[in-house]
Structure formats: structure tokens, C-alpha cells
Amino acid sequence: METVEISVQGMSCGGCEERLSNALNKTDGVSTALADHVGAKVRVLFDADRVNETQLRAQIAACGFDPVSSDKHE
Ligand SMILES: [Cu+2]
């Protein structure tokens with residue numbers, strides 16, 4: 001499992017957090033996604049053998065949000 005924190009522009013409330021978290025949680029390979037509209041980021045715990053960060057970013061964009069440059073890996 002790998003954790004990535006992706007900066008996301010465009011979330012303005014808890015509803016946005018929920019929409020993004022739910023979409024990512026439904027994505028194959030994602031274990032847990034936690035969006036934070038105040039911090040403008042989403043933290044995703046995922047299985048790197050099944051999904052990659054590019055796909056996560058595409059999923060974020062598909063929700064109507066804007067994934068910014070990658071920063072933290074753990
Ligand atoms: Cu909202």
C-alpha cells in the first residue's frame with residue numbers, strides 16, 4: 001500500500017469532499033481516500049499494483065476538480 005497526498009483545487013465545502021472521497025473510494029485499487037477542502041488536498045491510500053497516481057488524478061479531474069502538482073509520498 002502506498003499513500004499519496006494530492007493537492008486539489010475546486011473543493012468548496014464538505015459536499016465536495018464527500019463527492020471526491022466517494023468517487024476515489026469506488027476506484028479499483030483505492031483503499032481509503034480522505035478529501036479536505038480546507039487544506040485543498042486529498043490523501044489516498046492505494047494499492048500501487050492496481051492503480052497509479054496518474055489514474056487517481058484522472059479520477060479527480062473526472063469529478064470536476066483540479067489536481068495540482070504532486071508533493072508528498074510516504
Ligand atoms: Cu462543495
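Counting every alpha-carbon pair across the range 12-74, the share separated by more than 14 Å comes to 51%.
Our estimate of slack between ASP36 and GLU18, defined as 0.36 nm per intervening residue step minus the Cα-Cα distance, is 5.6 nm.
Dipole orientation for the chain: of the candidates ALA23, VAL68, ASN52, ALA23 has the Cα lying most toward the positive pole (charges on Cβ; Lys, Arg +1; Asp, Glu -1).
Going by neighbour counts of Cβ atoms within 10 Å, the residues ILE6, ILE60 line up, fewest first, as ILE6, ILE60. Working from label points 7 Å from Cα in the Cα-to-Cβ sense, the LEU45 to VAL68 distance is 2.6 nm.
In this structure the amide hydrogen of VAL8, modeled in the peptide plane, comes within under 5 Å of the amide hydrogens of LYS41, VAL42, VAL68, none closer than 5 places in sequence on its chain. Counted by neighbouring Cβ atoms within 10 Å, the residues THR27, THR3 run from fewest to most as THR3, THR27.
All of the numbers you see were taken from the coordinates with simple rules; none came from a lab. Quick caveat, the model's predicted, so the values are computed rather than measured. Reconstructed Cβ throughout: ideal geometry from the backbone, glycine too, with neighbour counts over all protein chains shown.
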